Amino acid sequence: MKVILCLDDRGGMTFNKRRQSRDRVVTEDIIKSASGGRLVIAPFSEKLFPEGTALTVLDNPLREALADDSVFLEYGGLSGYENRVTGIIIYRWNKLYPSDTKIDILPEELGLKRVSTEEFAGYSHEKITKETYSV
């Protein structure tokens, strides 16, 4: 499965059980990046996506996702699911936000290699960096 994350400059994901930030251009790109398979999310993430988006909402997306799925993960970690991850997409906010949840395993620790890096303007962020990692 491919995992999709949004991180700040220190690997932060959430603060006080809330997402650090959001950006509708990132959300649109997540939908495009998941084309060809299911986009699997937790109920917490559902309100980020426009009504009518083809989503599979699961209580534990990492455990329940299929091999060809893309899992958008806003909280929690990859520990315990390392053998299922075949790719990671990281959207970097290029900012520091308060965080109490950070990514627990980096792509390189899973043997993944960065295959592309793109920068683009978001709706509410001047610069978003998208990093794609694969086997």
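The values are calculated or read from the model by the stated rules, or taken from the named source; none is laboratory data. These numbers come from a predicted model, not from an experiment. Backbone-built Cβ (ideal geometry, glycine too); neighbour counts: all protein chains shown.
Out of THR27, THR14, which single residue is at pLDDT below 95, surrounded by 19 or more Cβ atoms within 10 Å (Cβ to Cβ) and closer than 20 Å to GLU131 by Cβ?
Details: THR27 fails: at pLDDT below 95.
Just a single option satisfies the conditions, and that option is THR14.
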Item checked: Residue that is exposed (fewer than 15 other Cβ atoms within 10 Å of the Cβ), under 24 Å from ASP9 (Cβ atoms) and either modelled with pLDDT under 95 or out of contact with any helix residue (DSSP H, G or I) (no Cβ under 9 Å at 6 or more places or on another chain) (or both), where the choices are GLU46, GLU64, GLU126, GLU109 -> GLU126
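Sort through GLY80, GLY76, GLY122 and tell me the only one that's at positive phi and more than 15 Å from the chain's Cα centre (by Cα). Break it down stepwise before answering.
Working: GLY76 fails: more than 15 Å from the chain's Cα centre (by Cα); GLY122 fails: at positive phi.
Of GLY80, GLY76, GLY122, the one residue that is at positive phi and more than 15 Å from the chain's Cα centre (by Cα) is GLY80.
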Checklist line | Failed condition for TYR75, given (1) at pLDDT 95 or above; (2) surrounded by 12 or more Cβ atoms within 10 Å (Cβ to Cβ) | finding: (1)
Notebook entry, point to check: Can you tell which of SER35, SER99, SER79 is among the small types (Gly, Ala, Ser), touching a strand residue (DSSP E or B) at 6+ places or on another chain (Cβ under 6 Å) and not in a strand (DSSP E or B)?
Noted result: SER99
Check: Condition test on VAL57, is it under 14 Å from the mean Cα position of the chain (by Cα) and either more than 16 Å from THR101 (Cβ to Cβ) or at pLDDT 95 or above (or both)?
Finding: no
Item checked: Selection within segment 15-44 - more than 24 Å from ARG114 (Cβ to Cβ), touching a residue at least 40 places away in the same chain (Cβ under 8 Å) and not basic (Lys, Arg) -> PHE15, ASN16
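Do we find a residue being touching a Gly at 6+ places or on another chain (Cβ under 7 Å) and either at negative phi or assigned to a strand (DSSP E or B) (or both) anywhere in segment 10-23? Break it down into steps so the answer makes sense when it comes.
Step one: list which residues in segment 10-23 are touching a Gly at 6+ places or on another chain (Cβ under 7 Å), which gives 20, 23.
From the residues that got through so far, the ones that are either at negative phi or assigned to a strand (DSSP E or B) (or both) too are 20, 23.
Within segment 10-23 (the criterion being touching a Gly at 6+ places or on another chain (Cβ under 7 Å) and either at negative phi or assigned to a strand (DSSP E or B) (or both)), the answer is yes, since at least one residue qualifies.
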